[in-house]
Amino acid sequence: MKSLRIQTLAAMVLASVSLLDSPVAAYSALFGSLSVYLPGLLFTVLVMRKMGSDSAVFLRTAMLAEFGKLALAGALCAVVFIYVKPLAAGFFFLGMIGVLIAGWIGLAATVKD
């Protein structure tokens, strides 16, 4: 859960800093962040419910959750690019990459503890 808090903070910081450029950049960065954050949150909820259960059930859940995470991320990106006009694509991808990196940093901090 520490990783999700770090990702939330990163999303808010990226959107706030992007607001210095323009409001379109800010909401583009926020949508990019959400396109990564929401599937990751769903993955975490699904996998955490199966922690401590049978290892085969856990592995099957983790595999299905990972597939669902990737599919949902792709669908969210498509929805944003189709329906959000105007969109600053560079800031959208900045938000995506920033939240991904924040997730890796959160994971590393969790493993270190």
query = If only one of 36, 47 is part of a helix (DSSP H, G or I), of a type in the set (Val, Ile, Thr) and over 15 Å from the mean Cα position of the chain (by Cα), which one is it?
reply = 47
key: Hits in the stretch 31-40 - residues which are open to solvent by less than 60 Å² (accessible area, probe 1.4 Å) and either out of contact with any Lys or Arg (no Cβ under 6 Å at 6 or more places or on another chain) or more than 24 Å from residue 92 (Cβ to Cβ) (or both)   = 32, 33, 35, 36, 37, 40
query = Do we find that residue 20 is more than 14 Å from the chain's Cα centre (by Cα) and open to solvent by 90 Å² or more (accessible area, probe 1.4 Å) in this structure?
reply = yes
inquiry  = Taking the conditions exactly as written (out of contact with any Lys or Arg (no Cβ under 8 Å at 6 or more places or on another chain) and open to solvent by less than 100 Å² (accessible area, probe 1.4 Å)), does residue 106 satisfy them or not?
reply    = no
inquiry  = Based on this model, can you work out whether residue 85 counts as without any contact (Cβ under 8 Å) to a residue 40 or more places away in the chain, under 20 Å from residue 23 (Cα atoms) and either touching a Cys at 6+ places or on another chain (Cβ under 8 Å) or basic (Lys, Arg) (or both)?
reply    = yes
Sole residue being without any contact (Cβ under 8 Å) to a residue 12 or more places away in the chain and in a helix (DSSP H, G or I), chosen from 15, 78, 62 = 78
query = Taking into account only those residues within the stretch 51-80 that are of a type in the set (A, V, I, L, M, F, W, C) and surrounded by 14 or more Cβ atoms within 10 Å (Cβ to Cβ), which is farthest from residue 38 (Cα to Cα)?
reply = 58
inquiry  = residue 43 - would you say it is aromatic (Phe, Trp, Tyr) and without any contact (Cβ under 8 Å) to a residue 40 or more places away in the chain?
reply    = yes
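The values are calculated or read from the model by the stated rules, or taken from the named source; none is laboratory data. In this text, all values refer to a predicted model and were calculated from it rather than measured experimentally. For neighbour counting, all protein chains shown are included, and Cβ atoms are generated from backbone atoms with ideal geometry for every residue, glycine included. Surface areas here come from the heavy atoms of the whole protein model, side chains and all, with no ligands, DNA or RNA. Shrake-Rupley method; radii C 1.70, N 1.55, O 1.52, S 1.80 Å.
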